[in-house]
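Scroll down for the structure; my scribbles are underneath it.
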Amino acid sequence: MAEVAENLQLNVDRASVALGARVEGIDLAREDDRDTIAELRELLLTHHLLVLPEQRLTALELEAFGRRWGDLLTHPATKHRDTDFVQFIGGRDRMFKFAPGVHPFGGGWHSDMTWHHTPPIITALHAQRLPSTGGDTAFANQHLAYSTLDDETKERIAQLRAFHTGKVFGPDVEDSVHPVVRTHDETGERALYVNGNFTKYICDLPEAESEGLLFRLFAHATRPEFVYRHRWQLHDLVLWDNRSVMHYALGDYSEQRVMHRIVVRGGTPK
């Protein structure tokens with residue numbers, strides 16, 4: 001059943017049981033004021049992911065929208081020709097080619113840029129060109145992943161920290177150490193904060209124990225019950241909270257797929 005956001009009369013429908021909401025009744029090319037962002041921020045904290053269909057924004061307009069949420073980060077891998085703060089993500093012939101990197105016990109699922117010392121709190125992805133089939137993105141609710149762990153595992157990982165690396169993007173990209181369990185700085189909710197792409201080991205554990213624990217956490221974090229799979233439509237703008245959500249871009253297409261992306265700088269994970 002749809003709900004109506006109070007201030008702006010937005011139509012809001014849940015995207016799945018696990019997470020996400022579809023928000024209609026807004027045109028960001030015309031409505032991008034303080035009240036709009038405040039309403040969207042509240043919805044994002046509740047649903048962790050928002051789908052805003054039919055948003056026709058240039059790269060510079062997308063950048064301006066992102067700056068309403070905070071400072072933007074650049075990415076070492078790709079940049080739009082018009083601005084360093086919008087990433088151009090595109091290519092063809094991606095059928096079953098996995099990127100950017102694969103952990104021995106996982107690959108694909110990640111929270112953006114966890115190798116950064118202040119990783120992004122929000123990512124927004126804007127569909128510019130889509131293949132005729134395939135190219136979905138899956139999202140997994142990491143609050144659900146944490147809350148459904150058994151008490152013994154929760155106690156075991158409560159104070160652990162893990163090493164994250166971004167060297168897959170180049171030798172000068174930084175590495176960072178973050179908590180295995182992250183506390184959301186606005187809601188206080190706890191979430192798993194390890195991922196198969198960038199988390200390489202748990203600090204202060206023997207190698208075999210670290211790999212075994214990570215294998216278990218990676219497998220649990222992406223259970224189907226925690227996942228929303230988004231089937232893109234042209235001009236969809238999807239934004240999500242990286243403190244709450246991991247995602248996986250499916251490489252099951254061979255035609256061109258082009259996205260614009262922005263990431264909003266966060267603080268130090270705690």
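Details
- Condition met for H247 (closer than 30 Å to E24 by Cβ and at pLDDT 95 or above): yes
- Of everything in the stretch 139-191 that is of a type in the set (A, V, I, L, M, F, W, C) and over 28 Å from V17 (Cβ atoms), the residue that is surrounded by the fewest Cβ atoms within 10 Å (Cβ to Cβ) is V177.
- Residues that are among the aliphatic types (A, V, I, L, M) and either under 20 Å from A15 (Cβ atoms) or in contact with a Phe, Trp or Tyr (Cβ under 8 Å, 6 or more places away or on another chain) (or both), drawn from the stretch 134-167: A138, A140, L144, A145, A162
- Strands (runs of 3 or more DSSP E) completely within the stretch 7-71 that count 1 or more residues being surrounded by fewer than 20 Cβ atoms within 10 Å (Cβ to Cβ): 11-14, 21-24
- Taking first residues from the stretch 26-39 that are over 14 Å from W69 (Cβ atoms) and among the β-branched types (V, I, T) and partners that are part of a helix (DSSP H, G or I) and modelled with pLDDT under 95, the Cβ contacts under 8 Å between residues at least 6 apart in sequence or on separate chains come to I26/T36.
- Counting only residues that are open to solvent by less than 40 Å² (accessible area, probe 1.4 Å) and outside any strand (DSSP E or B), the stretch 199-209 holds 1 of them.
One line per residue, one yes/no per condition, for (1) farther than 20 Å from A138 by Cβ; (2) of a type in the set (A, V, I, L, M); (3) free of Cβ contacts under 8 Å to residues at least 24 places away in the same chain:
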| site | (1), (2), (3) |
| --- | --- |
| P206 | yes, no, yes |
| G212 | yes, no, yes |
| R223 | no, no, no |
| V227 | no, yes, no |
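- Residue count for the stretch 233-256 under the criterion of being open to solvent by 20 Å² or more (accessible area, probe 1.4 Å) and more than 23 Å from R41 (Cβ to Cβ): the result is 9.
The values are calculated or read from the model by the stated rules, or taken from the named source; none is laboratory data. No experiment lies behind these values; they were computed from the predicted model shown. Glycine also receives a Cβ, built like all others from the backbone with ideal geometry; neighbour counts cover every protein chain displayed. To get the accessible areas, we keep the full protein, side chains included, count just its heavy atoms, and leave off ligands, DNA and RNA. Shrake-Rupley method; radii C 1.70, N 1.55, O 1.52, S 1.80 Å.
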